[in-house]
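Everything on this sheet refers to the single structure shown next.
The values are calculated or read from the model by the stated rules, or taken from the named source; none is laboratory data. What you are looking at is a predicted structure, and each value in this text was computed from that prediction instead of being measured. All Cβ positions, even for glycine, are placed from backbone atoms using ideal geometry, and neighbour counts span all protein chains on display. The protein model used for the area step is the full one, side chains on, heavy atoms only, and it has no ligands, DNA or RNA in it. Shrake-Rupley method; radii C 1.70, N 1.55, O 1.52, S 1.80 Å.
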Amino acid sequence: MRPEFASPSSSSSSSADRRLNALVRHLATASMVSQTAVAFSPTSGFHGDSVFSHVVRAPEDPILGVTVAYNKDPSPVKLNLGVGAYRTEEGKPLVLIVVRKAEQMLLNDKSRVKEYLPIVGIAEFNKLSAKLIFGADSPAIRENRVTTVQCLSGTGSLRVGAEFLARHYHQKTIYIPQPTWGNHPKVFTLAGLSVKTYRYYDPTTRGMNFQGLLEDLGSAPSGSIVLLHACAHNPTGVDPTLQQWEQIRQLMRSKALLPFFDSAYQGFASGNLDEDAQSIRMFVADGGECFVAQSYAKNMGLYGERVGALSVVCRAADVASKVESQLKLVIRPMFSNPPIHGASIVVTILKDSNMFNEWTIELKAMADRIISMRKQLFDALRARGTPGDWSHIIKQIGMFTFTGLNSKQVEFMTREYHIYMTSDGRISMAGLSSKTVPHLADAIHAAVTRMS
Amino acid sequence: MAIRRAMSGRIMDRTAVVGARYMSSWWRSVQPAPKDPILGVTEAFLADQSPDKVNVGVGAYRDDNGKPVVLECVREAERRIAGNLNMEYLPMGGSVKMVEETLKLAYGENSELIKEKRIAAVQALSGTGACRLFADFQKHFCPDSQIYIPVPTWANHHNIWRDAQVPQKTYHYYHPESKGLDFAAMIDDIKNAPNGSFFLLHACAHNPTGVDPSEEQWREISHHIKAKGHFAFFDMAYQGFASGDPEKDAKAIRIFLEDGHHIGIAQSYAKNMGLYGQRVGCLSVLCEDEKQAVAVKSQLQQLARPMYSNPPVHGALIVSTILSDPDLKKQWLKEVKVMADRIIGMRTALRGNLEKLGSPLSWQHITNQIGMFCYSGLTPEQVDRLTNEFHIYMTRNGRISMAGVTTGNVKYLANAIHEVTK
């Protein structure tokens, strides 16, 4: 007997029918249940199939997968130039002294509790973050036209901003540079935006394809969202000059394109916080609107604490306040309120002028070490007579160098020299030291001369 | 436009004016969002100047002095952590150690399922994050499915599954007349739902009602859910907080596991370890075998990566430090019991005071219900009177957070409730 299963509108069937159906169901065997299951996956309760049986294993994240592979390698000369986390000359992760100090202060403050933060996070954190990126004298801040919400590092800030745009903005397309950080497309797609690209990097010059950028942004539909790396473009390390930024700004404003800045390296690129924020401040100075995702992962070394902020610069204060209320509706069903620890460290440092100064010094030291690694690698390749123009190594800026090596060459370097990097040829300069530069130079030399 | 420029007192350069053709903001049409009903209560409370004010709104534990508590075991864990470890990124799935210990709490210390590696589990942003990650996963991999949510439930549950774009239905749960469980209607709804529906269950200490099924009722619920091939997803935000014993509070989950369900669980350390603002939790999905668990975990990570890349390390370190040290774990269990006992004591006191005042209504539900919340049965109008006349803050559904009740304010609270209900 084929069991009749109750339909969703069973409230209209008689109670007798329901009793009969219930009886039938109790008599049904497991296989009968799964045969007659309506449109849904088979039952989960019979030591048999899970409703998620069909789920296949996802591929490794290309960037984080590099570290996984590196960890597996037993070679003593292995070098991890994959993920962009700063390393000291000794190849060790670094917790800034000023961060440790801040942590101790928090620990010793017995009055501190671990209560829920407001949905938008720590108010002081938000204010200080806005000041940091827009400048203390920013008219947008003075006029209360900025809303800033604490988010989970850069990723979280991008996601929250993108979800807001998908709901409230009339244009659902975001233009991202070619290439960009591997996670960008996924963030925007899952948020509900459609992703297009604009030309950015020129492989032949290993610099900017500025003409291509202007053409692509120029032909974007009016109002489109445009993702801009505020400084230290990831993965190429190629940044527009200030004049180029001005041209970009004019073009974007003339087409009413909405800027969405990703600022993950403020202070890390040039070593100077204000200099690295110039591009953003240029846009804010013209009175227009923009989104900014800020991360403290690299410049304060707070990686795993997930500290960041999303700022929306609006034309008017009342608008900023409405926007903030809607951002809260995005955040609440995502994680309710942000984590307290990392943001508390940031507040402790930013609000104390002495600690702030200490931070800028340590930050400059990190940036300087990276710049020095660039110089050393460039010199080492020149010394070896490695064919090609390697000046892009010292021209590019920030944590990464886009070497220009192809995936075959990268594979070769991993196999023969145990050097780990992403297959697009991006190396994290932060993973280099004076001791390891020669090994890398040897590997590049070998790859270029033996593999094309 | 010229007037606007003059008024703003700023000279905008020509190119900026050209670019500022859209003089009005893109966001002019954005409506101000309604305040979050739960968190908005605390905001209002903080703004109130009255010395008598009482906050029985948000579900954060308070000691008998009405003060937030940082557990001693947490303080000790923090002392050990500070200065010793770096702040590197966790893996996308979070702290492996923390997740391992967390699974033991839910599935059992010696669970065969853990040994067989059949559980896909990732660290999540407390309970909210765990639910959201599961909802996104459900949408991706069972796109035709819908979620059944109890009435009432924590308000944010609806937001979470809505934002994940999973269609939602409700099932009967609370019985207003008895202020208990509407068991028959609940079973009916389970039976009438299309096969293979997803059901959201509160593992213990139902929020907001405090009404939990009995063990026998859980067995029957399990039976009917199994018969319909439904997926059982447990939100367990109060393990240890309900009875004072984490093992006891996991009973519903253990029953379902015995019955062979492949469940999902959202776990939170916000309340039971007092780690609210640290956002520490765990999402787990029980699979057929290890291979499946690996696949599911990898997909959960794929959903976490474009949301926040990897979860925050600090809170996870606290949890794993405590749970992997037998002495610290013992201390934690003691402190959890103290919190649960205080709440149970306040339930007794509140009910006792109301009865002493000669209230005509029955208040036995106050002690029948369990966990942090009491569904008082007060109407929104009565709640408004409590706030406006007595400076007592709670959500308008009449939910009282018992954690906000102290020996110092229980009489005042009872008095006020009596005034508005007599």
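Of B:318, B:302, B:287, which is farthest along the charge dipole of segment B:263-416 in the positive direction, counting Lys and Arg as +1 and Asp and Glu as -1 at C-beta?
About the Cα centre, the residue reaching furthest to the positive side is B:318.
Round to a whole angstrom and tell me the spacing of the C-alpha centers of segment A:324-356 and segment B:63-139.
Between the Cα centre of segment A:324-356 and that of segment B:63-139, the gap is 21 Å.
Please give the charge dipole size of the protein assembly as shown, origin at the Cα centre, charges +1 on K and R Cβ atoms and -1 on D and E Cβ atoms. Round to the nearest 20 debye.
1160 debye
Taking the dipole about the Cα centre of segment A:371-450, with the C-beta of Lys and Arg at +1 and of Asp and Glu at -1, give me whichever of A:430, A:371, A:413 is farthest to the positive side.
A:371
Kindly give Rg over Rh for chain B, based on alpha-carbon atoms, with the Kirkwood expression for the hydrodynamic radius. Please report the intermediate quantities before stating the final value.
Numbers: Rg = 23.8 Å, Rh = 23.2 Å.
Result: Rg/Rh = 1.02.
Starting from the Cα of residue B:356, draw a straight line to each of the lysines and keep only those under 16 Å, dropping any in the same chain fewer than 8 residues away.
Those lysines meeting the cut-off are B:411, B:422.
Once whole DSSP H runs in chain B are found, which of them have Cα atoms spread over 20 Å or more along the helix axis and a mean Kyte-Doolittle score of at least -0.5?
Numbers: long enough: B:126-141 (22 Å, -0.16); B:290-308 (26 Å, -0.54); B:326-356 (45 Å, -0.58).
Helix filter hits for chain B: B:126-141.
What angle do you read, to the nearest 10 degrees and between 0 and 90, between the alpha-carbon axis of helix A:407-417 and the longest principal axis of chain A?
So the inclination is approximately 70 degrees.
Counting only pairs 8 or more places apart or on different chains, how many lysine pairs in segment A:116-351 have C-alpha atoms closer than 21 Å?
Value for segment A:116-351: 15.
Give me the summed buried accessible area for the B-A pair, 1.4 Å probe, to the nearest 100 Å². Provide the component values of the computation, followed by the final result.
Numbers: alone 20280 and 21630 Å², together 32650 Å².
Adding both sides of the contact gives about 9300 Å².
Can you give me the Rg/Rh ratio for segment A:120-275, using Cα atoms for both radii and the Kirkwood formula for Rh?
On the way: Rg = 15.6 Å, Rh = 16.5 Å.
That ratio is 0.95, to two decimals.
Tell me, what is the percent relative contact order of chain B, built from C-alpha pairs under 8 Å that lie six or more residues apart? Don't skip to the answer; put the middle values down first.
Numbers: 716 pairs, mean separation 101.6, N = 422.
Relative contact order of chain B: 24 percent.
State the antiparallel share, in %, of DSSP beta bridges confined to segment B:90-324, rounding to the nearest 5.
Values: 13 of 29 bridges.
Of those bridges, close to 45 percent are antiparallel.
Averaged across the residues of A:338-346, what count of C-beta atoms belonging to other chains lies within 10 Å of each residue's C-beta? Numbers along the way, then the final one.
Details: counts 5, 13, 8, 11, 4, 1, 2, 2, 0.
Per residue, the number of nearby Cβ atoms from other chains is 5 on average.
Can you list residues whose amide H is under 5 Å from residue B:175's amide H, if they're 5+ apart or on another chain and H is modeled 1.01 Å from N?
Amide H neighbours of residue B:175: B:180, B:181, B:182.
Lys and Arg at +1, Asp and Glu at -1: add these up for the other residues within a Cβ distance under 12 Å of residue A:331 and post the number.
Details: positive: A:159, A:328, A:332, B:132, B:279; negative: A:163, A:324, B:36, B:163.
Computed value for this residue: +1.
Let me spell out the model: positive unit charges on the Cβ of Lys and Arg, negative unit charges on the Cβ of Asp and Glu, origin at the Cα centre of segment B:90-324. What dipole size does that give, in debye rounded to 20? Working shown, then result.
Numbers: 22 positive and 25 negative charges, 139 e Å.
Dipole about the Cα centre, nearest 20: 660 debye.
Given +1 on the Cβ of Lys and Arg, -1 on the Cβ of Asp and Glu, and no further charges, what dipole in debye does segment A:116-351 carry about its Cα centre, rounded to the nearest 20? Show your work: numbers first, answer last.
Values: 22 positive and 18 negative charges, 120 e Å.
Around 580 debye, computed over segment A:116-351.
Roughly how many Å is it from the Cα centre of segment B:245-303 to that of segment A:403-452, as a whole number?
Computed from Cα coordinates, the inter-centre distance equals 42 Å.
Starting from the Cα of residue B:334, draw a straight line to each of the lysines and keep only those under 25 Å, dropping any in the same chain fewer than 8 residues away.
Once the sequence-local lysines are set aside, what remains near residue B:334 is A:110, A:114, B:67, B:97, B:104, B:248, B:251, B:271.
Taking each residue of A:282-289 in turn, how many C-beta atoms of other protein chains fall within 10 Å of its C-beta, and what is the average?
Details: counts 0, 1, 0, 3, 7, 10, 7, 5.
For this peptide, the per-residue mean of nearby foreign Cβ atoms is 4.
In segment B:188-272, with Lys and Arg counted as +1 and Asp and Glu as -1 at Cβ, which of these residues, B:263, B:252, B:242, has the Cα nearest the positive end of the dipole, that is, farthest along it?
B:263
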